[in-house]
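The values are calculated or read from the model by the stated rules, or taken from the named source; none is laboratory data. This structure is a prediction, so every number in the text was calculated from the model and none was measured. All Cβ positions, glycine included, derive from the backbone under ideal geometry; neighbour counts span all protein chains shown. These area figures cover heavy atoms from the full protein model, side chains too; ligands, DNA and RNA do not enter into them. Shrake-Rupley method; radii C 1.70, N 1.55, O 1.52, S 1.80 Å.
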Amino acid sequence: FFFPKCEKARLDMSAELAVSVAKASPRICNHMNADHADSVLAYVHYFANRPNASHAMMIDVTCEGFVCSIEGSKSTVMVPFTTPITSAKDIRKLAVSMHKEAFRELGFMYRLRKGYYTEAAKHVVKHTGGAKVWGAAVAGLVTAGVGLLVVRGRSRMIRRGC
């Protein structure tokens, strides 16, 4: 069966989605390149199957995926979304999911070489109160650790009769 009204509505929705994604694309690309370059490179390595790429930049976002350029190459690659989107707002959640999948599948040594754990720690600090909060927490832990060592040392001295 062919339902012309349904087809027109589907095409209208697709056009609206394309316009909203195109509008969000520069903001998404700037954010990903500035704050998540490691994710962009992992997308290219894993999803676009370009393991030899040394640097990648996100240059566009479409309804189908991320368009990335690879340093040293005049070509671009499409990093297809792993699930379809219905709104431009879906892209953030999907980008996070794809980040996790790419790094998981590329393995522990890849994560270690690419600074995954260092970047993860930076993001935790940034999104949970910043350096002031974490600096105070680390200082508190160090103080508690030193205090514990002093108490243990005194206990040993007392037991030895010093």
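Given the conditions (1) under 24 Å from residue 117 (Cβ atoms); (2) within 18 Å of the chain's Cα centre (by Cα); (3) without any contact (Cβ under 8 Å) to a residue 60 or more places away in the chain, and given that residue 46 satisfies all but one, which numbered condition is not satisfied?
Every condition holds for residue 46 apart from (3).
Just to be sure, is residue 21 more than 18 Å from the chain's Cα centre (by Cα), at pLDDT 95 or above and open to solvent by less than 90 Å² (accessible area, probe 1.4 Å)?
Taking the combined requirement at face value, the residue satisfies it.
Conditions (1) closer than 17 Å to residue 52 by Cβ; (2) among the aliphatic types (A, V, I, L, M); (3) outside any helix (DSSP H, G or I), marked per residue:
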position	(1), (2), (3)
66	no, no, yes
74	yes, no, yes
82	no, no, yes
86	no, no, yes
92	no, no, no
96	no, yes, no
100	no, no, no
111	no, no, no
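So residue 31 fits all but one of (1) modelled with pLDDT of 95 or more; (2) buried (at least 18 other Cβ atoms within 10 Å of the Cβ); what number is the exception?
That leaves (2) as the condition not met.
Out of the residues in segment 102-144 that are open to solvent by less than 100 Å² (accessible area, probe 1.4 Å) and of a type in the set (Lys, Arg), which is modelled with the lowest pLDDT?
If we take residues in segment 102-144 being open to solvent by less than 100 Å² (accessible area, probe 1.4 Å) and of a type in the set (Lys, Arg), then 114 is modelled with the lowest pLDDT.
I'm checking my understanding of the structure. Among residues of segment 67-91 that are out of contact with any strand residue (DSSP E or B) (no Cβ under 7 Å at 6 or more places or on another chain) and in contact (Cβ under 8 Å) with a residue 24 or more places away in the chain, which one is most open to solvent (accessible area, probe 1.4 Å)?
86
State which residue pairs qualify: first residue closer than 19 Å to residue 16 by Cβ and inside segment 54-66, second residue among the hydroxyl-bearing types (Ser, Thr, Tyr) and at pLDDT 95 or above in any location, beta carbons under 7 Å apart, and separation of 6 or more residues or different chains.
Listed by first residue and then by second, the contacts come to 60/25; 61/25.
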